[in-house]
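Notes follow once the structure below has been shown.
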Amino acid sequence: MPKQATHATAPPRQRVILAGVDTGQDHVRFDVEMDELDALARAAGCDVVARLVQRRPSVDPASLIGSGKVTEVSEAARLNNASTVLTLNALRPRQRTNLEKLLGGEISVLDRTVVILDIFAQHARTSEGKLQVELAQLKHQAANLIGARDALSRLGGGIGTRGPGETKLEVDRRHIRSRIELLEKQLDDVRTRRREQRRSREGTPVVALVGYTNAGKSSLMNALSGSTVFVADQPFATLDPTLRKARLSDSRDVVLADTVGFISDLPKELVAAFRATLEEVTSASLLVHVIDASNPFWERQRSSVESILKDLEAADKPTIIAWNKTDVASAHIGGEGIAVSAKTGAGLAELRAAIENAL
């Protein structure tokens with residue numbers, strides 16, 4: 001009898017509970033950030049099975065959430081067979097350790113930063129991207145070693161275990177520091193090579209596309225350059241920088257640089273690790289700030305991007321606003337900038353002309 005074909009089964013998706021403490025400064029912003037955490041968790045390959053919110057003047061200094069909410073989280077985890085709790089609020093090492101103990105020691109507790117780092121670890125394709133992700137993860141782990149050993153020893157697969165690997169996560173601070181120094185030296189070499197590549201492009205202006213994650217930068221690059229950069233409707237689909245030549249007119253070519261998307265409260269470890277990549281932004285002749293005009297919270301996203309550009313000392317660069325997704329836009333667009341749709345091609349001619357005029 002012929003052998004039956006066997007099909008590898010995909011590993012079960014991690015079942016997670018989202019938890020957040022709303023301290024009351026801005027309820028709308030908090031709800032938006034919880035929705036964003038939901039999208040991040042799903043992008044990391046998880047199934048979100050419950051969402052629990054506690055409203056209190058400040059987080060619990062010992063365990064982030066109060067004892068009553070701990071009981072609620074524990075019961076939700078039992079009912080939904082969840083193995084992990086993801087918190088919107090940043091966790092101190094002791095808070096994580098205490099919360100895991102209160103939850104019975106069988107549930108992992110991770111915060112938003114770890115989820116973002118995990119997505120970056122999944123999406124890193126080039127050797128440079130992998131170096132940058134590992135550096136960011138190790139810097140985060142070095143700052144959170146206290147109380148981490150027990151939690152790391154039983155994480156297994158899933159969020160927080162990709163990238164450097166479990167054995168590296170459990171080495172002591174001295175070995176982590178040594179690895180960080182090596183990675184930083186390798187990335188310095190990358191930075192040097194990038195400068196040499198930029199010198200070889202002298203005479204052709206670089207236009208960097210910047211914007212909040214999932215604003216449509218890669219789609220816009222494809223529309224402007226005729227390339228086929230990977231596009232996906234999820235946070236941080238693009239990680240490694242992409243350069244493509246585009247023709248604005250018969251007499252003008254530019255190099256378009258598509259960089260990693262930004263997000264509010266972008267972990268400082270990522271900004272530091274990706275500085276070599278983000279130099280494409282700081283060295284560009286012109287920035288095109290791509291805003292998702294269909295997102296009702298575009299103002300918050302715009303503010304977050306501008307804050308990160310300020311941190312990168314690129315806030316004063318000449319910038320054109322490109323209001324993307326206007327084929328489905330519901331947000332009010334003011335008089336500044338160009339209304340475009342990477343999907344339909346509307347406004348692309350006007351954007352090319354604006355870029356050429358600005359250059």
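Taking the stretch 271-290, which residues are of a type in the set (A, V, I, L, M) and farther than 17 Å from K185 by Cβ?
First, the residues of the stretch 271-290 that are of a type in the set (A, V, I, L, M): 271-273, 276, 278, 281, 284, 286-288, 290.
Answer for the stretch 271-290, where residues must be of a type in the set (A, V, I, L, M) and farther than 17 Å from K185 by Cβ: V271, L278, V281, A284, L286, L287, V288, V290.
Of everything in the stretch 114-127, what is crowded, with 20+ Cβ neighbours inside 10 Å and either under 18 Å from E36 (Cβ atoms) or modelled with pLDDT under 85 (or both)? Give them in sequence order.
The first filter runs over the stretch 114-127 and keeps only residues crowded, with 20+ Cβ neighbours inside 10 Å, leaving 114-121, 123.
Matches in the stretch 114-127: V114, V115, I116, L117, D118, I119, F120, H123.
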Next on the checklist: Suppose the filter is modelled with pLDDT of 90 or more, not assigned by TED's automatic domain parsing to the domain that holds P241, not aliphatic (A, V, I, L, M) and not in a helix (DSSP H, G or I); does N144 pass it?
Outcome noted: no
Next on the checklist: Condition first: of a type outside the set (A, V, I, L, M, F, W, C), touching a helix residue (DSSP H, G or I) at 6+ places or on another chain (Cβ under 7 Å) and assigned by TED's automatic domain parsing to the domain that holds V70. Can you find one or more residues in the stretch 43-56 that meet it?
Outcome noted: yes
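One line per residue, one yes/no per condition, for (1) over 21 Å from the mean Cα position of the chain (by Cα); (2) outside the structural domain of L37 (by TED's automatic domain parsing); (3) of a type in the set (G, A, S):
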position: S83; (1), (2), (3): yes, no, yes
position: Q95; (1), (2), (3): yes, no, no
position: L99; (1), (2), (3): yes, no, no
position: V109; (1), (2), (3): no, no, no
Next on the checklist: If a residue counts only when it is crowded, with 23+ Cβ neighbours inside 10 Å and small (G, A, S), which helices (runs of 4 or more DSSP H) contained entirely in the stretch 266-324 have at least 2 such residues?
Outcome noted: none
Next on the checklist: For a quick check of your reading of the model, give me the residue pairs whose first member lies in the stretch 264-291 and is in the same structural domain as P318 (by TED's automatic domain parsing) and within 24 Å of S341 (Cβ to Cβ), whose second is among the basic types (K, R) and crowded, with 16+ Cβ neighbours inside 10 Å, with beta-carbon atoms closer than 6 Å and at least 6 apart or on different chains.
Outcome noted: L287/K317; V290/K217; I291/R302
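The values are calculated or read from the model by the stated rules, or taken from the named source; none is laboratory data. Note that the coordinates shown come from a computational prediction; the quantities given were computed from them, not determined experimentally. Ideal geometry is used to build each Cβ from the backbone, glycine not excepted, and the neighbour counts take in all protein chains shown.
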